[in-house]
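Where a number appears in this text, it was derived from the coordinates with a stated rule and is not lab data. This is a predicted model, so every value here is computed, not measured. Because the Cβ atoms are built from the backbone with ideal geometry, glycine has one as well, and the counts that use them run over all protein chains shown.
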Amino acid sequence: MFGVDYYPEQWTEKDWDEDITILKNLGITSVRIGEFTWALLEPEEGKFDFSFLDAILEKFHKAELSVVLGTPTASIPPWLYNKYREVVQTSIDGIERIVGTRRQGCFSSKEFWVASERIVTSLAKRYGKHPAIIGWQIDNEPGHEGSDISYSRSSLKKFRKWLKAKYKTIQNLNYSWGNVFWSAIYNSFEEIELPGRHVASNFNPSMIQDFYRFNSDSLIQYIEMQIDILKKYTQNQILFTNLYPSPFLPVTDMEQLVRNLDFVAWDNYPVWGPLKEPYPHPFVSACLEYSRGLKNKNFIVAEQFSGMQGHDILGYLPAPGQIGLWMMQSIAHGAEELYFFRYRTARFGQEQLCYGILDHSKDITWKYKEIKTTIQQIRQYADDFINEDVPASVAIIHDIDNVRNLKHQPISEGLKLSPVPFAQVGYDVEIANWYAALNVLNVNTHIVPSASTDLNKYKVVVLPLYFMMDKEFVETIESYVRNGGILILGYRAGIKDKNGWMIDKIPPCYFTSMAGVQVSRFEAVGNDLVKLKFGLLRGNCSKICEIVEPLTARVMARYNDKKKHYKGEAVITVNRYHKGKVYYVGSSLTPSTFLIFYYKVLKKAGIKTHFYGRYIERVFRKGKLHDYEILLNHSHSTKWVGWKKLKPYEFKIVPLKKSM
């Protein structure tokens, strides 16, 4: 259940023996190693040295510590770049990802593929049946830090081939992209360049969307190559790769990427770098639910926060109890295994400021003591429920094509957020906004992909940011509502098709009869707040303000802002459709306004809410012997949940009578 990320290559053999003793005393049963060791294992092309891995694996096996071994392809050895310069990625600004950092490999490079196949095959043949190894982590955080997109010459060549395979003829491509616009009609696939930096107006949205899809396919194919090798040579060893915050940071279709893996793994960092305080706890919970939802099964945390983190700048110091609270939060939302990042803080290299359980010395720290106590506390009950599914009657749907679409055409400044140059995470923040109030109302809620979700499992389905629609999925939604499902549909729903063309119908287009509304006018208000009201209750909204025109729907909320010419017009409606209902939300509500809205919807749906204030989280879990109420206090003050007292950053696992 509890492991650590350990880097034996950064320590001496004497350290290894001492560290094993310390880890066993902590309550650790597993270690994750090896993900950045390529240059050590293959110091020259085709020449391998596995002596250090052999030695450390033997020690772990004797100590009865299981091992997850990483394939070391996330950072290439210098000799590979010096011999094959085309193996590296190029950024949108034309900067090559040379050696000395990480995630340099270009997934379109044949030479990178060949080298990766060689090292992975050699590792799999040697350790595929090793008794200490229980699993493999493929690569490390694939696609992170902007490595999901490459603008290299290799990418250009492969992109042209990808387009030819998709469209067959250049005439089909010209039509699909609408290249008659701005005189961009190509005569051959060889004329197509990459949609990189531009002086003024952007490239064709359909072209950008296809470029993002191509990059996604390239990364997925690369991971699949490693999966195939490992499945060929391993025996009874699980396969996973570790994903990372923020969930929709990359353009990669992660649901497809993890489809042939045994587990999803997540890197859980509730605070990072110079932040003055942690991310709001509903955002962290949303990330965990996203991880669980990709395969609709419990998951692994490959990197669980255990100390202040940052590469160059540090910020918030966790309060006493907070590291333990975050451990419990991960498990509450479906984590079956936690690997702490990291055991001991590196004395050299780019992660000297990424603090682990131990600092730079081997002195026992307050973090070590807190983690040890928390492990003991969790183990009292967790064995009963940790492998059981996380139940939920509500689901929020995300969609990868809409993730990509919002990166290059967010419509509103309020849906545009770029905290670092390689990140456009407006979709992430808005999905978390739609989730937050459900989390504060303490209603178990899944976050699941549109491509592989059985909607009929849920009483209520929430579909925000679904601008680019798939007709088959719309039909699935229609069937769900027709047969009694409750749909909450977000603004600008269904306005585009998969080619990126705007639908030639009044929004919400193919959702109109279901929602019982139409929208002929809307305003993009950025992050400005616009007032609205539910009868006597007041609220606010932002980002997009649609003037919703009821056809068969009933109005639930109206704009109430005297500064707006559409004061008094509808913003939220509800429509009866066959056996089901559709709530249409024509704007982005603030968290407190979502609280009002969801409370009304859930009460009508017969779903019980538990509101204990903005800082108390309650997760319901079913176990083999008991049901459980997991209470988490995310505040620095004492809180009461009924007669239960929660100290600052305290959690309680409360056994309940087993329900049928």
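Here are some notes:
- Prolate/oblate/rounded call for the range 241-364, Cα gyration tensor, a/c under 1.5 rounded: prolate
- ³J(HN,Hα), Karplus 6.51/-1.76/1.60, whole Hz, each residue of the range 365-371, x for Gly, Pro: 9, 4, 5, 4, 5, 5, 5
- Mean sequence separation of contacting Cα pairs (under 8 Å, at least six apart), scaled by the length of the chain, corresponds to a relative contact order of 10 percent.
- Cα gyration tensor category, rounded, prolate or oblate, for the range 410-537 with a/c compared to 1.5: rounded
- 18 Å reach of a label modelled at L353, 7 Å along Cα-to-Cβ, counting backbone N of the range 246-279: 269-279
- Amide H contacts of G356 (H built 1.01 Å from N, in plane; Pro and chain starts excluded): R342, T345 sit under 5 Å, all sequence-distant by 5 or more or on other chains.
- Extension gain, F189 back to V114 (0.36 nm per residue minus Cα-Cα distance, nm): 24.4 nm
- Each of (i) 32; (ii) 68; (iii) 20 is a candidate for percent of Cα pairs over 46 Å apart; the one calculated from this structure is (iii).
- The slack in the chain from K562 to K297, taken as 0.36 nm per residue of separation less the alpha-carbon distance, amounts to 90.6 nm.
- Of the GluC sites (Glu not before Pro) found in the range 103-195, those that fall in a DSSP loop while having at most 13 other beta-carbon atoms within 10 Å are E193.
- Dipole of the chain, positive end: most advanced residue of G128, I185, A605 [Cβ charges, Cα centre]: A605
- Rough spin-label spacing in nm, given labels placed 7 Å along Cα→Cβ, for I95 and N82: 2.4
- In nm, spacing of pseudo-spin labels at F50 and F611 (7 Å Cα→C-beta vector): 6.0
- Full-extension gain in nm, H61 to S635, via 0.36 nm per residue minus C-alpha separation: 202.5 nm
- R0 of 60 Å, Cβ-Cβ distance D528-T29: FRET efficiency to nearest 0.05: 0.70
- Computed magnitude of the charge dipole of the range 520-660 (debye, nearest 20; Cβ of K, R +1, Cβ of D, E -1): 620
- Separation between Cα centres of the range 492-550 and the range 394-440, rounded to whole Å: 16
- Between S201 and K161, the distance separating the two model label sites (each 7 Å from Cα on the Cα→Cβ line) works out to 3.4 nm.
- Annotation: peptides 635-641, 268-274, ranked by per-residue average of other Cβ atoms within 10 Å with the highest first, follow the order 268-274, 635-641.
- Distance between the range 1-45 and the range 246-273 - C-alpha centres, whole angstrom: 24
- Gyration tensor verdict on the range 561-660 (Cα atoms; rounded if a/c is under 1.5, prolate if a/b is larger than b/c, oblate otherwise): oblate
- Amide N proximity, the range 64-91 versus F422 label position 7 Å along Cα-to-Cβ, cut-off under 14 Å: 74-76, 88-91
- Candidates G105, F283, L441 compared by Cα position along the dipole of the chain: farthest toward the positive end lies L441, with charges placed on Cβ.
- Residues K168 and E145, FRET efficiency given R0 of 25 Å [Cβ-Cβ distance, rounded to 0.05]: 0.10
- Of the trypsin sites (Lys or Arg not before Pro) in the range 29-133, those whose Cβ has at most 13 other Cβ within 10 Å and which sit in DSSP loop: K129
- Inter-part distance, the range 326-352 to the range 563-590, computed on C-alpha centroids, equals 42 Å.
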